[in-house]
Amino acid sequence: MIHTATARAHANIAFIKYWGNRDEELRLPENSSLSMNLDGLYTETTVIWNDAQKENSLVLNNQPQLGQALERVVKHLDNLRKYVPSLPNYANVISTNNFPMGAGIASSASSFAALTLASISAANITLSERTLSTLARLGSGSASRSIPTGFVEWHRGDDHESSYAETIASPDYWDLVDIIVVVSDSHKKVGSTEGHQSARTSDLQEGRLKHVDNRLKICKEALLNRDFESFSEVIEEDSNLMHSVMMTSRPPLFYWQPASVAIMQQVKQWRQDGLRVCYTLDAGPNVHCICVRKDVPEVIKQLKTLSAILDIRVASAGSGAYIVQSDEVNSQ
Ligand code: DP6
């Protein structure tokens, strides 16, 4: 028998950032984080377990993969097997992102969330959302947050079992929208995994961590009260703090580009002028402008007056990971 399942998971944008691990192998983060899944931006992954073959394969966006991408997937499958020993040994993995790789939207969260759910389901195993979140975390920290639906908190925890993400509000709780302003489509030179490893080399990481629990509390309360003003202040501060750590790490990581800074400054100005919009940036130069749905046309109108913008994408709060299809087929 060949067991197969297809899962879909959304990308997410962090409002309170994950940056730095206490345990790199288990991806136990230095701090808890908070994010929103992004509707319409997803990875769909099919896992076909087949022990009649003696190696794993990966096809990503219709391109067969060898090297680093395949190694990371195989490592994840091996990790999953440590916790779920009944998983078969070899798989064909076929994965597609519905957003371009260079669009400034991190694909590791949606990829490893979809891979985790598809791998487990293809083996006909059902696990709790919490367990799936811990397992997805082993592949990519932010993937733990793409398992549950809507607005999500990842508890840093003390060990593998206690470091998981859960929903704090459903997608329709607040009509926040992420307007992703693409200013660069080149692939980043230093990825998040390397970045996490150097976070402690910055003198500022300790300072960032000192009040992060408080920022998360303020952010969560602002979200639950739909208080845009407090929300804006705290997410911009948290993003700036993470980038300050990045810029002062050894070697330094500069993700901002002149256009990123120009947009951040404009967003601040627009807010002072009464337009309810704020910003946050992940490990890249593209700016995520956050506002409520009714303000989207005005924010886009303003953004279009600026130069150096390559593309604009709009996403509202999305669901958690789910199974699209699951089958058992006879290999003969
Ligand atoms: C800046 O989850 O991509 O987007 O665990 O090494 O895969 P790995 O890192 P990743 O790091 C995300 C960093 C961030 C902030 C965030 O999403 O919280």
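Histogrammed with a bin width of 20 Å, the alpha carbon distances of the chain distribute as 33, 57, 10, 0 percent, first bin at zero. Here the label points at Asp159 and Ser186, each 7 Å from Cα along the C-beta direction, are separated by 4.6 nm in the simple model. Residues in the stretch 300-314 near a label at Ala262, defined as backbone nitrogen under 18 Å from the 7 Å Cα→Cβ point? Label zone hits: 300-313.
Using the 1.4 Å probe convention, the accessible area of the stretch 176-316 works out to 49 Å² per residue with neighbouring protein chains retained.
In the assembled protein chains, Met247 presents an accessible area of approximately 50 Å² (probe radius 1.4 Å). Let me know the shape class of the stretch 176-316, please: from the alpha-carbon gyration tensor, a ≥ b ≥ c as square roots of the eigenvalues, rounded when a/c is under 1.5, otherwise prolate if a/b is greater than b/c, or oblate. It comes out oblate by the Cα gyration axes. In this label model, Asn225 and Asn62 are separated by 5.0 nm, measuring between points 7 Å along each Cα→Cβ vector. Please work out the C-alpha center-to-center distance from the stretch 1-18 to the stretch 158-175 and express it in whole Å. Taking the Cα centre of each part, the stretch 1-18 and the stretch 158-175 sit 14 Å apart. Taking 0.36 nm per residue of separation and subtracting the current Cα-Cα distance, fully stretching the chain between Thr193 and Glu71 would add 42.5 nm. Each DSSP beta bridge with both residues in the chain is either parallel or antiparallel, and the antiparallel ones are about 95%. Since only Ser33, Pro64, Met101 are under comparison, the one whose Cα sits farthest along the positive direction of the charge dipole of the stretch 2-172, derived from C-beta charges on Lys, Arg, Asp and Glu, is Pro64.
Just the number, please: carbon plus sulfur as a percent of the accessible area of the stretch 2-172, 1.4 Å probe, no ligands or DNA/RNA counted. Show your work: numbers first, answer last.
On the way: 2950 of 6050 Å².
Within the stretch 2-172, the accessible surface is 49 percent carbon and sulfur.
Modelled spin-label separation between Thr248 and Ser86, with each label point placed 7 Å from Cα along the Cα-to-Cβ direction: 5.1 nm.
Counting only GluC sites (Glu not before Pro) that sit in a DSSP loop (anything but H, G, I, E, B) with at most 15 other Cβ atoms within 10 Å, what is the longest stretch of the chain containing none of them? Walk me through the intermediate numbers first.
On the way: sites that count: Glu24, Glu25, Glu55, Glu161.
Here the longest run is 162-332.
Please give the charge dipole size of the chain, origin at the Cα centre, charges +1 on K and R Cβ atoms and -1 on D and E Cβ atoms. Round to the nearest 20 debye. Show your work: numbers first, answer last.
Numbers: 31 positive and 38 negative charges, 92 e Å.
In total the dipole reaches around 440 debye.
What translational D, rounded to a whole number of µm²/s, comes out for the stretch 2-172 from Stokes-Einstein when the hydrodynamic radius is the Kirkwood one over Cα pairs, at 20 °C and 1.002 mPa s? Once the numbers are plugged in, D ends up at 136 µm²/s.
Cα centroid separation, the stretch 23-37 to the stretch 177-248: 12 Å.
Find how much the distance from Val324 to Asn98 grows on full extension, using 0.36 nm per residue of separation minus their present alpha carbon separation; answer in nm with one decimal.
Details: separation 226, 0.36 × 226 = 81.36 nm, distance 1.48 nm.
Fully extending the segment from Val324 to Asn98 adds 79.9 nm.
Sparsely packed loop sites in the stretch 260-317 (the trypsin sites (Lys or Arg not before Pro) outside DSSP H, G, I, E and B with at most 13 other Cβ atoms within 10 Å) comprise Lys304.
Sparsely packed loop sites in the stretch 21-102 (the trypsin sites (Lys or Arg not before Pro) outside DSSP H, G, I, E and B with at most 13 other Cβ atoms within 10 Å) comprise Lys54. Tyr18 contributes an accessible area of around 20 Å² to the protein surface, as traced by a 1.4 Å probe with all chains present.
The values are calculated or read from the model by the stated rules, or taken from the named source; none is laboratory data. Every value quoted in this text rests on a predicted model; they were computed, and no experiment measured them. Quick reminder, even Gly has a Cβ in these numbers, built from the backbone with ideal geometry, and neighbours come from all protein chains shown. Surface areas here come from the heavy atoms of the whole protein model, side chains and all, with no ligands, DNA or RNA. Shrake-Rupley method; radii C 1.70, N 1.55, O 1.52, S 1.80 Å.
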